[in-house]
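Below is one structure, written out as structure tokens, with a few remarks after it.
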Amino acid sequence: MLSVKPLMFDFMKATLRKIGNSQGVLIPKPFLTQLGLENEVEMNVEGDAIVLRRPRNSTREGWAEASKLIAKKNEDALVLGDFANEDDAELEW
């Protein structure tokens, strides 16, 4: 967790700058440092504000690589083993 001293002001005016067909705002380094922002942000509109947040990790981030590593190490045996489907004959589809 970051232990950066909070900034001493609540709001700061910034100038919109034209970037192609869009516009951008330069975010001061102390803001970036305080929030731990680097290359990406999550952005949405809440009421009359544009809100930037640190990206949340994807729920399944890294799962594909981890499963490939498990398979490569031959550690992909079923934990519960096989189980019978004895009751399947009684099911009506």
Legend entry - Flag if I50 is modelled with pLDDT of 90 or more, part of a loop (DSSP other than H, G, I, E, B), out of contact with any Lys or Arg (no Cβ under 9 Å at 6 or more places or on another chain) and not polar (S, T, N, Q): no
Inset, instruction - Tell me, yes or no, whether the range 15-22 has at least one residue that is assigned to a helix (DSSP H, G or I) and among the hydrophobic types (A, V, I, L, M, F, W, C). - result: no
Inset, instruction - Filter the range 56-93 down to residues that are in a loop (DSSP other than H, G, I, E, B) and at pLDDT 85 or above and give me whichever is farthest from G36 (Cα to Cα). - result: N74
Inset, instruction - Could you list, in sequence order, all residues of the range 23-44 that are part of a helix (DSSP H, G or I) and either of a type in the set (K, R) or on the phi > 0 side of the Ramachandran plot (or both)? - result: K29
Inset, instruction - Could you tell me which residue of the range 51-71 is nearest to T15 (Cα to Cα), considering only residues that are of a type in the set (V, I, T) and within 18 Å of the chain's Cα centre (by Cα)? - result: V51
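The values are calculated or read from the model by the stated rules, or taken from the named source; none is laboratory data. Model, not experiment: these values are computed from the prediction. Because the Cβ atoms are built from the backbone with ideal geometry, glycine has one as well, and the counts that use them run over all protein chains shown.
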